[in-house]
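Visitor: If you scroll down you'll find the structure; I have some questions about it.
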Amino acid sequence: MQAMVLERPRTPLKLVERPDPQPAYGEVRVRVSACGVCRTDLHVVDGELPKPKLPIIPGHEIVGRVDLVGAGVDGLAAGMRVGIPWLGRTCGHCEYCSEGHENLCNTPLFTGYTRDGGFATHTVADARFVFPLPDNGDDVATAPLLCAGLIGWRSLKIAGEGKRIGLYGFGAAAHIIAQVALWQGREVFAFTKPGDKAAQGFARRLGAKWAGSSEEEPPDDLDCAIIYAPVGALVPLALGAVRKGGRVVCAGIHMSDIPAFPYRLLWEERELRSVANLTRKDGDEFLHIVAKAAVVTETVRYPLAHANEALSDLRMGRLNGAAVVLPGL
């Protein structure tokens, strides 16, 4: 197999050849056809997440075909089209798993962070955390759904049912969730970096009622807001934009420090929440909704050997939509 490997944080990935991985008990091997590039991959590569498995193959928005099935696997067979998400394994018995909150498991494994991911021609996954996918789907279009979409969906659920929703950072997750929110009958307000006219125009083309700078006040008070950009300074801005009793959700796994802000921004029963990972139930719900909402992902394709370029374009904000690495290119 070929893979792009991170040997040390804050260094470029290296293209290497390795023996084909072999699935252990309860695992499947997947021939990767497409792997989305997520901001969490940047956090791993840039050393912002602690204690990654090193060396590590990043990538956790994986679509491919099962090509080898380990012992003890039920429900998956060679040739099946599948998706592999960020949550790679949980213990199943800690207090959180027992209470149905496996996303908060005390001893989880994460794809592309603490177990090898999808910037490769092949990867191995715990079969229990693999999503079967329709056989005739578009692999490139589907890949961003496996994290940007799933975390976006969980953040949308936590945000609540408010009519007017603000999305801060209009990238891979926001452009997917904007479509779901519009399908639900909500009004979408898109917030971008100051001067990012391309992202603002992109949001309007998708149906946003308003698009502007994160430093601007929206024309209407928001019922809720989701912050996808990993920028702590957006928290007080979003709190200032939501109505009394409104909710702000921080959707990223990593964020820069939140600056001090006056209590009046939180007063009047406004709420600040975070999102941690996803559950398999979230995945089942969202993948069922995608077809109903007719979600279309905007993607930019990169050959596997150009994964560093994809990461750089994401880091520098040169993308509208989502980057996808293709081992076959």
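All of the numbers you see were taken from the coordinates with simple rules; none came from a lab. Computed from a prediction, not measured in an experiment: that's the story for all the values here. Positions of Cβ are generated from backbone atoms using ideal geometry, with glycine treated the same way; all protein chains shown enter the neighbour counts.
Visitor: Taking the Cβ of each residue in Ser155, Ser274 as the centre, tally the other Cβ atoms inside 10 Å and list the residues starting with the fewest. Write out the running numbers ahead of the final one.
Guide: Values: Ser155 25, Ser274 14.
The order, fewest Cβ neighbours first, is Ser274, Ser155.
Visitor: Moving on to the next point. Report the charge-dipole magnitude of the range 255-329 in Debye, nearest 20, computed about the Cα centre from +1 at each Lys and Arg Cβ and -1 at each Asp and Glu Cβ.
Guide: Values: 9 positive and 10 negative charges, 23 e Å.
Around 120 debye, computed over the range 255-329.
Visitor: Compute the longest continuous run of the chain that contains no exposed trypsin sites (Lys or Arg not before Pro); treat a site as exposed when its DSSP state is not H, G, I, E or B and it has at most 15 other Cβ atoms within 10 Å.
Guide: Working: sites that count: Arg10, Lys53, Lys163, Arg318.
Here the longest run is 164-317.
Visitor: Just to verify a number: FRET efficiency for Ala293 and Ala77, C-beta to C-beta distance, R0 = 35 Å, to 0.05?
Guide: On the way: r = 29 Å, r/R0 = 0.84.
Efficiency for this residue pair is about 0.75.
Visitor: Moving on. Out of Leu104, Ala125, Asn277, whose Cα points farthest toward the positive end of the dipole of the chain (charges: +1 Lys, Arg; -1 Asp, Glu; placed on Cβ)?
Guide: Highest projection toward the positive end goes to Asn277.
Visitor: Taking amide H positions as placed 1.01 Å from N in the peptide plane, with prolines and chain starts having none, which residues 5 or more places from Glu187, or on another chain, fall under 5 Å of its amide H?
Guide: Arg164, Ile165
Visitor: Given Lys163/Lys193; Lys163/Lys281; Lys157/Lys292; Lys197/Lys244; Lys14/Lys53, which pairs have Cα atoms separated by over 21 Å? Numbers along the way, then the final one.
Guide: Numbers: Lys163/Lys193 24 Å; Lys163/Lys281 24 Å; Lys157/Lys292 17 Å; Lys197/Lys244 30 Å; Lys14/Lys53 16 Å.
Violating the 21 Å limit, Cα to Cα: Lys163/Lys193; Lys163/Lys281; Lys197/Lys244.
Visitor: Something else now. With charges set only on the Cβ (+1 for Lys and Arg, -1 for Asp and Glu), what does the dipole of the range 149-274 come to about its Cα centre, in debye to the nearest 20? Walk me through the intermediate numbers first.
Guide: On the way: 16 positive and 13 negative charges, 69 e Å.
Once rounded to the nearest 20, the dipole reads 340 debye.
Visitor: Which of the DSSP-defined H helices in the chain satisfy a minimum axial length of 15 Å, computed from C-alpha atoms, and a minimum mean Kyte-Doolittle hydropathy of 1.0? Present the calculation step by step, with values, prior to reporting the outcome.
Guide: Values: long enough: 148-159 (16 Å, 0.78); 172-183 (18 Å, 1.53); 280-293 (20 Å, -0.54).
TM-like helix candidates: 172-183.
Visitor: With labels modelled as points extended 7 Å from the Cα through the Cβ direction, what inter-label distance (nm, one decimal) is found for Tyr263 paired with Lys244?
Guide: 1.8
Visitor: Another question, then. Longest segment of the chain with no GluC sites (Glu not before Pro) in a DSSP loop having at most 15 other Cβ atoms within 10 Å?
Guide: Values: sites that count: Glu7, Glu99, Glu161, Glu215, Glu216, Glu268, Glu269.
The longest uninterrupted stretch comes out as 8-98.
Visitor: Hey, another quick one. Cα-Cα pairs above 34 Å in the chain: how many percent? Please list the in-between numbers first.
Guide: Values: 11118 of 53956 pairs.
Result for the distance tail: 21 percent.
Visitor: Only bridges whose two residues both fall in the chain count here: according to DSSP, what percent of them are antiparallel, nearest 5?
Guide: On the way: 30 of 58 bridges.
The antiparallel fraction comes to roughly 50 percent.
Visitor: Among the chymotrypsin sites (Phe, Trp or Tyr not before Pro) in the range 227-320, which ones are in a DSSP loop with at most 15 other Cβ atoms within 10 Å of the Cβ? Mind listing them? Walk me through the numbers on the way to the answer.
Guide: On the way: sites: Tyr228, Tyr263, Trp267, Phe286; in loops: Tyr228, Trp267.
Those that pass, being in a loop and sparsely packed, are Trp267.
Visitor: What's the magnitude of the charge dipole for the chain around its Cα centre, counting Lys and Arg as +1 and Asp and Glu as -1 at the beta-carbon? Answer in Debye, nearest 20. Could the numbers behind the result be given before it?
Guide: Details: 36 positive and 37 negative charges, 55 e Å.
Dipole of the chain, to the nearest 20 debye: 260 debye.
Visitor: Another one. If each residue of separation counts as 0.36 nm, what is the full-extension length gain between Ser312 and Glu161 once their alpha-carbon separation is subtracted? Don't jump to the answer; show the numbers that get you there.
Guide: Values: separation 151, 0.36 × 151 = 54.36 nm, distance 3.55 nm.
My answer for the length gained is 50.8 nm.
Visitor: Given labels modelled 7 Å from the Cα in the Cβ direction, how far is it in nm from His254 to Thr107?
Guide: 2.6
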